[in-house]
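The structure appears right after this line, and notes come after that.
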Ligand code: AMP
Ligand code: GLY
């Protein structure tokens, strides 16, 4: 099978690596890929938001399956366009990707189908007085969200009315998120533990990957600014069997069913971003794709033929027996550039990658660039250092990841030292 993976981050490196292990793969292309994916297949310098170019490449190379990594091309309808050309795609249609692309759509769907989520209200740009009077009488903290995609920056948690008023001004008057902020969702603040659960689905049937936990904030102990994610581990013990059953029956199944009923069947990876409040899961957000960095931690925990899983989902007949959880544990720590998530420098040489040979440590490349055989930083999140332990021992996995990180260096390297610590209290309780 000839496969094209679209994207250039750590998530796409992880997808490409797992797909490259499949016996049914004949050729792998990564568009545009990164220095880490180069050894797994052929990197092709194409802008994945230029749909004409992507389609031309796939047709010219008789691609059998396209796996779309990031949300933007999905939300803009790339999957529909490829399918129209007869090319199989792992990823939802434009209509189904609204679950991520329009928070108001997702919230309305959850409300109508009794899917647990934070209480909410939706306001349009021309309802400024309404929104302010609502916020004046609200309980704080409260959460304000831009309706559309805002590069992960459209969510603010505010502690008082004046703060909320400033944010409304940012969305509606300063238009800092452009069209994405012309509608806002105001949500009740939920206090609990977050978890990420990915369901691989053909629209009806689904297979749940080992649950993971991301670390969104820049600082240890979950303080400071929100980032794309500073590290992840899996499996997350907080999602025990009982909780997982609630997620399947109360969230995944009714969501897939509601999408089918609307005629917008969701196929691909349904990413459930959850808040667990004393064993009760509530949806924080849905995404229409794999998470980054959770994917880097989750995929190494699968044995079997991952490509077969994705292809069968894309063809509308999921083969749930193609993969199985291998019983292990993994910890992925993101090494970031100094200054991230704000302004950061690029072009710093990365040293020490050659010193890491352990078979159970994977260095996923993200914001990186190769020049004259050397690797340089080229983004905020640079590498995802991941270790995999054959048995479910997160403590050992964490130790190995940090040992490997100690041997890596670039000017301004920053990483959190506490990735996976949140799991410890659940492990000692079991
Ligand atoms: P989102 O982009 O919707 O995932 O929001 C980004 C982050 O903001 C989430 O990962 C949570 O940490 C936080 N967040 C979003 N919505 C809520 C909420 N209703 N209550 C508490 N925290 C939230
Ligand atoms: N790790 C968060 C995300 O992928 O949206």
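Calculate, for residue 356 and residue 27, the FRET efficiency according to 1/(1 + (r/R0)^6) with r their C-beta to C-beta distance and R0 41 Å; round to the nearest 0.05. That gives a FRET efficiency of 0.90. The distance from the alpha carbon centre of the range 172-200 to that of the range 227-299 is 16 Å, rounded to a whole number.
For the chain, the ratio of Cα radius of gyration to the globular rule of thumb 2.2 N^0.38 Å stands at 0.95.
Principal axis analysis of the Cα atoms in the range 158-234 yields extents of 43, 35, 21 Å, listed in decreasing size. Go ahead and collect, in residue order, the members of the range 22-38 whose backbone nitrogen is under 20 Å from a label point 7 Å along the Cα-Cβ direction of residue 370. It comes to 27-38, nothing else. The length gained on full extension between residue 403 and residue 390, counted as 0.36 nm times the residue separation minus their Cα-Cα distance, comes to 2.9 nm. Placing one equal scatterer on every Cα of the range 315-410 and applying the Debye formula, the log10 ratio I(q)/I(0) at q = 0.10, 0.16, 0.21 Å⁻¹ is -0.35, -0.73, -0.98. Temperature 4 °C, viscosity 1.567 mPa s: under these conditions the Stokes-Einstein estimate for the range 368-430, based on its Kirkwood radius over C-alpha pairs, is 94 µm² per second. Using C-alpha pairs below 8 Å separated by at least 6 residues, the relative contact order for the chain is 16 percent. Dividing the mean sequence gap of close Cα pairs (under 8 Å, 6+ apart) by how many residues the range 1-153 holds gives a relative contact order of 17 percent. A Förster radius of 35 Å, combined with the Cβ-Cβ distance separating residue 140 from residue 76, puts the computed FRET efficiency at roughly 0.45. Summed over all non-identical Cα pairs, the Kirkwood treatment of the range 238-315 gives a radius of 14.1 Å. Shown for 400, 407: other C-beta atoms within 10 Å of each C-beta, ranked fewest to most, produce the order 407, 400. Between residue 51 and residue 261, full extension at 0.36 nm per residue minus the direct alpha carbon distance yields a gain of 72.7 nm. Scaled against the 2.2 N^0.38 Å expected of a compact globular protein of N residues, the Cα radius of gyration of the range 198-333 reads 1.05.
Rg and Dmax of the range 223-263, based on Cα coordinates, read 15.2, 41 Å. Taking other C-beta atoms within 10 angstrom as a stand-in for reagent exposure, 64, 50, 126 fall in the order 126, 50, 64, fewest first. First check a/c for the range 72-132, with a ≥ b ≥ c the square roots of the eigenvalues of its C-alpha gyration tensor; if it is under 1.5, answer rounded, and if not, answer prolate when a/b is larger than b/c or oblate otherwise. Cα axes put the range 72-132 in the oblate bin.
Given the C-alpha atoms of the range 107-217, compute the convex hull and give its volume per residue in Å³. Intermediate results must be reported in sequence, preceding the final value.
Working: hull volume 15.4 nm³, N = 111.
Looking at the range 107-217, the number lands at 139 Å³ per residue.
In terms of its alpha-carbon gyration tensor, the range 44-190 comes out prolate; a/c meets the 1.5 threshold, and the first ratio a/b outweighs b/c. Per DSSP helix of 4 or more residues, -39500 (n - 2.57); summed, then divided by the residues of the chain. What does that give at 222 nm, rounded to the nearest 500? The helix-only estimate for the chain comes to -7500 deg cm²/dmol at 222 nm.
No value in this document is a laboratory result; all are computed from the given coordinates. The shown structure was predicted, so the numbers you read here are calculated from the model rather than taken from an experiment. Cβ: placed from backbone, ideal geometry, glycine included. Neighbour counts: every protein chain shown.
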